Amino acid sequence: MIHVSVSALAIDAGTNSPIVLLKEERGERVLPIWIGFPEASAIAMARSYEKKEIERPLTHDLLKLILDALEAKLIKVAIDELDGTTYKAKLYLQSGNSSCYIDVRPSDAIALALRTNAPIFIKETILGSAEQEADGANNIANLRKRLREIDPSDFGKFSF
């Protein structure tokens with residue numbers, strides 16, 4: 001598993017869809033995941049969580065409050081499966097001596113991980129397959145460089 005972090009959140013101007021970019025911590029590979037607007041808002045809010053104060057908890061905040069109340073901890077998030085063009089993820093939870101995982105959408109997993117400071121991992125084969133897909137592009141070097149150095153303004157502005 002490769003440790004990654006959210007490097008950018010942007011709008012794809014071509015599809016008008018939000019994208020979260022996950023970059024490996026010790027490398028240059030980037031995985032773009034197209035997500036929905038509500039999920040993008042949840043991730044954006046988590047990235048600037050201390051700057052925004054909300055009166056009542058939203059869904060991911062509520063999940064964190066429930067984990068805290070149950071004295072459970074989100075150990076890690078793993079994006080570990082690619083089914084067609086759909087990424088799948090798991091939340092790994094621990095409470096006392098018990099542990100379990102729960103299948104979840106990557107965007108929800110990322111939003112919760114950001115709120116709990118849990119690490120995010122991607123299965124090597126998934127990150128590798130994203131890189132192989134990029135290898136098939138006409139301009140491999142430029143595509144890789146752009147994904148590594150992407151500026152959210154390249155896609156348009158995202159706000160919540």
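The values are calculated or read from the model by the stated rules, or taken from the named source; none is laboratory data. Just so it is clear, the model here is predicted, and its values are computed rather than measured. Note: ideal-geometry Cβ built from the backbone for every residue, glycine included; neighbour counts use all protein chains shown.
Could you check the range 6-22 and list, in sequence order, the residues that are under 13 Å from the mean Cα position of the chain (by Cα) and either crowded, with 20+ Cβ neighbours inside 10 Å or over 18 Å from Ser129 (Cβ atoms) (or both)?
Answer for the range 6-22, where residues must be under 13 Å from the mean Cα position of the chain (by Cα) and either crowded, with 20+ Cβ neighbours inside 10 Å or over 18 Å from Ser129 (Cβ atoms) (or both): Val6, Ser7, Ala8, Leu9, Ala10, Pro18, Val20, Leu21, Leu22.
Does the range 41-60 contain at least one residue that is within 19 Å of Tyr101 (Cα to Cα), surrounded by 16 or more Cβ atoms within 10 Å (Cβ to Cβ) and touching a residue at least 12 places away in the same chain (Cβ under 8 Å)?
There is at least one residue in the range 41-60 that is within 19 Å of Tyr101 (Cα to Cα), surrounded by 16 or more Cβ atoms within 10 Å (Cβ to Cβ) and touching a residue at least 12 places away in the same chain (Cβ under 8 Å).
With surrounded by fewer than 19 Cβ atoms within 10 Å (Cβ to Cβ), under 18 Å from the mean Cα position of the chain (by Cα) and of a type outside the set (D, E, K, R) as the only criterion, which of Tyr87, Tyr101 stands out? Reasoning before the result, please.
Details: Tyr87 fails: surrounded by fewer than 19 Cβ atoms within 10 Å (Cβ to Cβ).
The match here is Tyr101.
Tell me which of these Lys88 doesn't satisfy, since it passes every other one: (1) at pLDDT 90 or above; (2) over 21 Å from Ala42 (Cα atoms).
(2)
Can you tell me which residue in the range 82-125 is nearest to Pro18 (Cα to Cα), limited to those that are touching a residue at least 40 places away in the same chain (Cβ under 8 Å) and in a strand (DSSP E or B)?
Tyr87
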